[in-house]
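The values are calculated or read from the model by the stated rules, or taken from the named source; none is laboratory data. These numbers come from a predicted model, not from an experiment. Cβ coordinates were reconstructed from backbone atoms using ideal geometry, including for glycine residues, and neighbour counts include every protein chain displayed.
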There are 2 protein chains.
Amino acid sequence: MALAHTILTVLSEQPSTGYDISKRFEESVSCYWKASQQQIYRELGKMEVAGWVSFDLIPQAGKPDKKVYRITPAGQAELARWYPEPTEPAPIREDLLVKVLAGAFMPQAQLVAELRRRRQGHLDQLMRYQAMEAQYQVHPNPPRQEQYRYLTLRRGLRYEQDWIAWCDEVLALLAPTADDITTAHYR
Amino acid sequence: MALAHTILTVLSEQPSTGYDISKRFEESVSCYWKASQQQIYRELGKMEVAGWVSFDLIPQAGKPDKKVYRITPAGQAELARWYPEPTEPAPIREDLLVKVLAGAFMPQAQLVAELRRRRQGHLDQLMRYQAMEAQYQVHPNPPRQEQYRYLTLRRGLRYEQDWIAWCDEVLALLAPTADDITTAHYR
DNA sequence: AGCCTATACTCAACATATTGAGTATGTCAA
DNA sequence: TTGACATACTCAATATGTTGAGTATAGGCT
């Protein structure tokens, strides 16, 4: 359900095509909501039926016609209805943690390699977020929307930093003996 | 796909019924993998067809018959095949972050209330994990499996701590003015 | 005596997400 | 000029996850 509300939120900022929304998801929303183009198009279709959004069909020469969606009063009402509902933490399904659990039965070198690879990936993402964060520092008095967007970016930053710190912690325990952590002490 | 591999991993530790697996998921695996009983039963059925697990039917007086599943050599081979494959970070879909983004258009008091509520929830979970962590301290020389399990628990601990820290950060920026963060400075 | 919880599993319907193909054209660079 | 990439959307199949009901009985509590 919340995909619809995420779309309603980004449409509150400005009317957009499905394609635009997908772009915006990738660049700034992706740290807390992943959705494919197909999902967005399908959801927009459903939301249109529900009356939460409407669109203008903009004929284009050459390219396919654009559907520029905007939020309707009914959509705003739905957003307001949803807003105060309590949220639950998102369920987590982390393959990497399963691999750590299975570590007792599998070659440790493979786990160590994977942890190093993942650490690097999280570091790359962290650096992208830090570049985005630097953008916020240059504007002395940003619009209200930007301030809230910044708070979501902070979540992304922390998330990547936390992953890196955990990878380091695990690698420090696994790497010294290279195939046995029996001698490593906890904490 | 990885649900099957998670089940294979817990079955590597010991043969279990679907019911048992579900219990174990809830208590110790839930910090990185959530799955309902129904999902587990269905997945076990598919895995049995694939030959990755087999079961003994234990007739029980009164209760329905037990299916005690164990991993087969084919299942072990599948786990070994899967193990070195690179993992991707799990896609995130966090309602709360969407609400933060929508904060510019919605009553701030509702967001603040929700952040406080969520902070408390993460604190409760953190305390449960800390109680579990204390269990590991008492065993001086734990079996190998327990050591890896401990590393996954560390991820859960960090995750909750990180959420709490972010909630505090956001609340500190939002709360002072109670309905406007214009005057708050970044970082 | 009646109710709740735990054990133990099955089936069905629905919702959500992923993957891949298909349509159509403009722009830019090798 | 060929090919990659961006724009812009649609359809279909499959995979995965959620929700709710249904079957059955033991044991403990009120």
With the requirement that a residue be within 15 Å of DNA strand D (Cβ to nearest atom) and either touching a residue at least 12 places away in the same chain (Cβ under 8 Å) or in contact with a strand residue (DSSP E or B) (Cβ under 7 Å, 6 or more places away or on another chain) (or both), what does segment B:59-91 give you?
B:Gln60, B:Asp65, B:Lys66, B:Lys67, B:Glu78, B:Trp82, B:Ala90
Members of segment A:8-38 that are surrounded by fewer than 15 Cβ atoms within 10 Å (Cβ to Cβ) and closer than 14 Å to B:Arg93 by Cα:
A:Glu26, A:Ser36
Looking only at segment B:32-58, count how many residues are within 8 Å of DNA strand D (Cβ to nearest atom) and of a type outside the set (Lys, Arg).
6
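What helices (runs of 4 or more DSSP H) completely inside segment A:43-147 contain at least 2 residues that are at positive phi? Don't jump to the end; show me each part of the working.
Values: elements: A:73-82, A:95-101, A:108-138.
Counting at least 2 such residues, we get no helices (runs of 4 or more DSSP H) at all.
Here is a yes/no grid of residues against (1) surrounded by 12 or more Cβ atoms within 10 Å (Cβ to Cβ); (2) not acidic (Asp, Glu):
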| position | (1), (2) |
| --- | --- |
| A:Glu78 | yes, no |
| A:Tyr83 | yes, yes |
| A:Met127 | no, yes |
| A:Arg149 | yes, yes |
Any residue in segment B:165-176 that is at the interface with another protein chain (Cβ under 10 Å from one of its Cβ atoms) and at pLDDT below 95?
yes
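With the structure loaded, tell me whether B:Ala175 is small (Gly, Ala, Ser) and loosely packed, with under 14 Cβ neighbours inside 10 Å or whether it fails that test.
On the way: small (Gly, Ala, Ser): yes; loosely packed, with under 14 Cβ neighbours inside 10 Å: no.
The answer is no for B:Ala175.
A quick yes/no check of all residues on (1) under 17 Å from the mean Cα position of the chain (by Cα); (2) within 9 Å of chain B (Cβ to nearest Cβ); (3) under 30 Å from A:Gln14 (Cα atoms):
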{"residue": "A:Leu79", "(1), (2), (3)": "no, yes, yes"}
{"residue": "A:Pro84", "(1), (2), (3)": "no, yes, yes"}
{"residue": "A:Pro89", "(1), (2), (3)": "yes, yes, yes"}
{"residue": "A:Gln110", "(1), (2), (3)": "no, yes, no"}
{"residue": "A:Arg117", "(1), (2), (3)": "no, yes, no"}
{"residue": "A:Gln125", "(1), (2), (3)": "yes, yes, yes"}
{"residue": "A:Tyr136", "(1), (2), (3)": "no, yes, yes"}
How many of the residues in segment B:4-26 are within 12 Å of the chain's Cα centre (by Cα) and more than 11 Å from DNA strand C (Cβ to nearest atom)?
3
Contact list please: Cβ distance under 7 Å, first residue in segment B:35-51 and more than 9 Å from DNA strand C (Cβ to nearest atom), second residue aromatic (Phe, Trp, Tyr), pairs at least six apart or on different chains.
B:Ala35/B:Phe25; B:Glu48/B:Phe55
